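The values are calculated or read from the model by the stated rules, or taken from the named source; none is laboratory data. In this text the structure is predicted, and so the values were computed from the model without any measurement. When we count neighbours, we look across all protein chains shown, and the Cβ atoms used for this are built from the backbone with ideal geometry, even at glycine. Ligands, DNA and RNA are stripped out before the accessible areas are found, and what is left, the full protein with its side chains, is counted by its heavy atoms. Shrake-Rupley method; radii C 1.70, N 1.55, O 1.52, S 1.80 Å.
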Amino acid sequence: MQIKRNIVFQTLLNILFYILGSLIYSAGINIFAVPNNIAEGGVTGLAIIANFWTGIPVGVANFLFNVPLFVLAWFFIGKRFVGKTLGVVVILSASLDLTALVYPTYTGDSLLASLFCGALSGIGLALILIRGATSGGTDIAGMLLQKLRPQVRLGSAIAFCNAIVVCVAAVAFRSVESALYAVVVIVVSSKMLDYILYGLGRGKLLMVITEKPKEMADAIISKVGRGVSIVPITGAYTGESKNMLLVAIHNNDTAKINKILRTVDDKAFTIITEAGEILGQGFKSRNLF
């Protein structure tokens, strides 16, 4: 019974996130993109172009452009993927057309329009992706392209599909500026997407080879409050046995760590690298939602 309740709860939570994400995404499109002829990448961009030339509602066009992709995905990617993505596309397409009736439009500075469009669309897509779904469009096209050319990375395949849409937009709107603003939308959207999905768990990975591992570890634990692992290593050139400290820290802990390094052992060999995502105690929860 408990398992069944949990399944129902997770399903309702999924739907809530899909609807909320679609409403926010639609705000970026209907308020900023459509009135300023900015066709962001992806199927939505094609839908905006179709709306400009034929007057067909953006949501309807978005759904129709996704249909052939769904058919191909059914055979080459999987039925389960298509089923879940189809539900999101239906919600998103309906949201695009329904909110167009009530959302205001902004026709001022095109750069501001592209920035806000990118921010809102990134937030909306992030809410959908958080719940393990996708908005279809270039995501499916990228996966299909990767099936044909396995050596091509998914990110590169999606970027290629977006580039084609941007080029089509430049021709359709007869404006290079429109295409350039579309690039701004894509960049801002991807940055916002990354920040929401990974920003809460971003940090740095600290690797320190020191002659004073115990003193260094104690200082980090007491002054920064981070756990430290002491890893035995062997120098390949000298053959000497040494110890390396391994520490995951937040970005704002970097200054404190550097001060500790200088104070305890200013000769320590240190590597500080970016950690795209850190999960666990003191960082982002494994079950954020």
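As a rough guide to protection, the peptides 82-91, 105-114 ranked by mean Cβ packing within 10 Å, highest first, stand as 82-91, 105-114.
Accessible area per residue for the chain is 56 Å², calculated with a 1.4 Å probe on protein heavy atoms, without ligands, DNA or RNA. Peptides 216-224, 239-247, 125-133 ranked from most to least packed by the mean count of surrounding Cβ atoms within 10 Å: 125-133, 216-224, 239-247. Computed from the C-beta positions of I130 and M207, the FRET efficiency with R₀ = 25 Å rounds to 0.20. Ranked by the mean number of other Cβ atoms within 10 Å of their residues, highest first, the peptides 258-264, 38-44 come out as 38-44, 258-264.
Between the Cα long axis of helix 42-54 and the first principal axis of the chain there is an angle of about 20°, rounded to the nearest 10. Highest GNM mean-square fluctuation among Y237, Y103, Y18, for the chain modelled with Cα contacts below 10 Å: Y237.
What are the semi-axes of the equivalent ellipsoid for the chain, taken as the square roots of 5 times the Cα gyration tensor eigenvalues, largest first, in whole Å? Each semi-axis is √(5λ); the values are 45, 22, 19 Å. Classify the stretch 1-83 as rounded, prolate or oblate from the Cα gyration tensor: take a ≥ b ≥ c as the square roots of its eigenvalues, call it rounded if a/c is under 1.5, otherwise prolate when a/b beats b/c and oblate if not. Oblate is the answer for the stretch 1-83, as a/c is 1.5 or above yet b/c matches or exceeds a/b. Pull out a ≥ b ≥ c, the square roots of the eigenvalues of the alpha-carbon gyration tensor of the stretch 82-192, then state rounded if a/c is under 1.5, prolate if not and a/b is larger than b/c, and oblate in the remaining case. Because a/c hits 1.5 or more and a/b fails to exceed b/c, the stretch 82-192 counts as oblate.
Looking at the chain alone, DSSP beta bridges between its own residues are antiparallel in about 95 percent of cases.
Principal-axis analysis of the Cα atoms of the chain puts helix 58-76 at an angle of about 60° to the longest axis. In a reduced charge model with +1 at each Lys and Arg Cβ and -1 at each Asp and Glu Cβ, the chain shows a dipole moment near 820 debye about its Cα centre.
Would you give the gap between the C-alpha center of the stretch 77-133 and the C-alpha center of the stretch 168-241, rounded to a whole Å? Using only Cα atoms to place each centre, the spacing works out to 28 Å. Between the residues I196, A100, G41, the greatest Cα displacement towards the positive end of the dipole of the chain, with unit charges on the Cβ of Lys, Arg, Asp and Glu, is found for I196. Once you order the gyration tensor axes a ≥ b ≥ c over the Cα atoms, which shape class does the stretch 35-79 get: rounded for a/c under 1.5, otherwise prolate or oblate by comparing a/b with b/c? In terms of gyration-tensor shape, prolate. Counting only alpha carbon atoms, the long axis of helix 176-198 and the longest principal axis of the chain meet at about 50°.
Here is how the number arises for the chain: DSSP H runs of 4 or more residues each give -39500 (n - 2.57), the sum is divided by the residue count, and the result at 222 nm is -20500 deg cm²/dmol. Just checking the listed ones, I233, I15, I123: in the Gaussian network model of the chain with Cα springs under 10 Å, the one fluctuating most is I233.
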